[in-house]
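Okay, so here's the structure we're looking at.
The values are calculated or read from the model by the stated rules, or taken from the named source; none is laboratory data. Because the structure is predicted, anything quoted here is derived from the model rather than measured. Counting neighbours? That spans all protein chains shown, and the Cβs are built from the backbone with ideal geometry, glycine included. Remember, those area values only see protein heavy atoms, side chains included, never the ligands or the DNA or RNA. Shrake-Rupley method; radii C 1.70, N 1.55, O 1.52, S 1.80 Å.
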Amino acid sequence: MNPLLERLQPYPFEKLRALIGGHTPNAALKPINLSIGEPKHPTPALVKNALARSLDGLASYPATLGTPELRHAISGWLARRYGIPAPDPETQVLPVNGTREALFAFAQTVLAPGERAVCPNPFYQIYEGAALLAGAAPVYGEPPSWDGVKLLYVCSPANPTGKVLDLQGWKRLLELSDRYGFAIASDECYSEIYFEQPPLGALEACHKLGRGCERVVAFSSLSKRSNCPGMRSGFAAGDASLLKKFLLYRTYHGSAMSLAVQHASIAAWNDEQHVAENRRLYAEKFAAVLPRLKNLKTEKPDGGFYLWIRTPEDDTAFARRLHRDYNLLVLPGSFLARDAAGGNPGRNHIRVALVAPLEECVEAADRLERCAQDG
């Protein structure tokens, strides 16, 4: 067996199952699960119809590079969304099977054993696992020294905090990349869920700063934007030299998108009406839920669909009690972070995914309040 597998920690949801496994939740209350960031809004009809019309594509092997039509659709969307020159569909755009798979595979492309990869803290666990299985060392939060760093993961809007990196933040990271030569993987899967200002993207930041996208690759997907996580459809876009090597890795890795999914993806990237409606539904939930949380410290995120709530006690104890007494499942924040300088930044927080229907989210907010008061 690969000995690097022994370095992996249990995934957060494995930890959650173990945390709640010793009790039976309150059967008098309907179970509500807000622990997983899985979109529950309907998949748009235009996507389903395009998929159904393209099922003959299942009879053909797809190319790893994807069809020109899909690459052009993604390039056009990037240009419209971020106000940038359209990336070259031949060299700067690569379809991927969702950002989770691609963010993992990218680390295998750019990292060598013994090098370092910087992750935000708290963070999406794929970053850590990708670094470990590449034989590299994950670093949590800003390192005291950037020597030996070959990859930096950025998540904006962030999971779980919902924070967005501004232009000055990007300027600093890009200057560090210029100085130390590390690649930047910008995870932008929540970019289309926002409430006021559209979040700044990595390629947009490069353009605004009057520079190219050397050593920068942005990753996004249709899962959250278009409510079709089961399609596993996204893209990587940016530095052509990095994407050339990434394509080589993926060709051997066997990561090609079904032609039927590619046709459905073209329909999704070319339509914004369903995306605006998706944002409206999330905004409605935040507007209904936030005023009800009077005894818990939280705030509206810049983007994404999570509430990052400070707990009145240890986050694991609060999450366990919330499930046992109120049949509400959330994710302890400490499961999404690692101990670093100053301790575990997720401790005494919970992540609440407002993905359920509005009525369930409101009921969940009321149960959260009661649990905080009863504690």
Let me confirm something: among Asp315, Asp339, which residue is surrounded by 15 or more Cβ atoms within 10 Å (Cβ to Cβ) and acidic (Asp, Glu)?
Asp315
Among the numbered criteria (1) basic (Lys, Arg); (2) in contact (Cβ under 8 Å) with a residue 60 or more places away in the chain; (3) out of contact with any helix residue (DSSP H, G or I) (no Cβ under 8 Å at 6 or more places or on another chain); (4) open to solvent by less than 60 Å² (accessible area, probe 1.4 Å), which single criterion is violated by Lys15?
(3)
Residue check: is Ala319 at negative phi, part of a helix (DSSP H, G or I), aliphatic (A, V, I, L, M) and touching a residue at least 24 places away in the same chain (Cβ under 8 Å)?
yes
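Mind checking which residues of the stretch 342-375 are in contact (Cβ under 8 Å) with a residue 24 or more places away in the chain, part of a loop (DSSP other than H, G, I, E, B) and open to solvent by less than 40 Å² (accessible area, probe 1.4 Å)?
Hits for the stretch 342-375 are Gly346, Leu354, Val355, Ala356.
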Restricting attention to the stretch 37-71, the residues that are open to solvent by 80 Å² or more (accessible area, probe 1.4 Å), part of a loop (DSSP other than H, G, I, E, B) and among the hydrophobic types (A, V, I, L, M, F, W, C) number exactly 0
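Only one residue in Leu200, Leu247 is in a loop (DSSP other than H, G, I, E, B), under 22 Å from the mean Cα position of the chain (by Cα) and not aromatic (Phe, Trp, Tyr). Which one? I'd like the intermediate steps shown before the answer.
Details: Leu247 fails: in a loop (DSSP other than H, G, I, E, B).
Matching residue, one of Leu200, Leu247: Leu200.
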Mind listing just one residue for me: the one in the stretch 146-158 that is over 21 Å from Glu299 (Cβ atoms) and in a loop (DSSP other than H, G, I, E, B) and, of those, most open to solvent (accessible area, probe 1.4 Å)?
Asp147
Against the condition farther than 20 Å from Phe104 by Cα, open to solvent by 40 Å² or more (accessible area, probe 1.4 Å) and in a loop (DSSP other than H, G, I, E, B), how does Glu192 come out, does it pass?
no
Just one listed residue, out of Gly212, Gly230, is surrounded by fewer than 23 Cβ atoms within 10 Å (Cβ to Cβ) and in a loop (DSSP other than H, G, I, E, B), and it is Gly212
Hey, among the residues in the stretch 88-100 that are under 14 Å from the mean Cα position of the chain (by Cα) and among the polar types (S, T, N, Q), which one's least open to solvent (accessible area, probe 1.4 Å)?
Thr99
Scanning the stretch 72-87 for residues that are touching a residue at least 40 places away in the same chain (Cβ under 8 Å) and out of contact with any strand residue (DSSP E or B) (no Cβ under 7 Å at 6 or more places or on another chain), the one most open to solvent (accessible area, probe 1.4 Å) turns out to be Pro85
Mind listing whichever residues of the stretch 101-119 are free of Cβ contacts under 8 Å to residues at least 40 places away in the same chain, open to solvent by 40 Å² or more (accessible area, probe 1.4 Å) and under 17 Å from Cys189 (Cα atoms)?
Phe104
In the stretch 135-145, how many are touching a strand residue (DSSP E or B) at 6+ places or on another chain (Cβ under 9 Å) and either of a type outside the set (A, V, I, L, M, F, W, C) or open to solvent by less than 20 Å² (accessible area, probe 1.4 Å) (or both)?
6
Output for Cβ contacts, cut-off 8 Å, separation at least six or different chains, first residue of a type outside the set (Asp, Glu) in the stretch 22-43, second assigned to a loop (DSSP other than H, G, I, E, B) and open to solvent by 80 Å² or more (accessible area, probe 1.4 Å), reads Pro25/Pro31
Filter result (open to solvent by less than 20 Å² (accessible area, probe 1.4 Å) and either part of a strand (DSSP E or B) or touching a residue at least 40 places away in the same chain (Cβ under 8 Å) (or both)) within the stretch 159-181:
Asn159, Pro160, Gly162, Leu174
Total residues in the stretch 90-132, condition assigned to a loop (DSSP other than H, G, I, E, B) and farther than 21 Å from Leu222 by Cβ
11
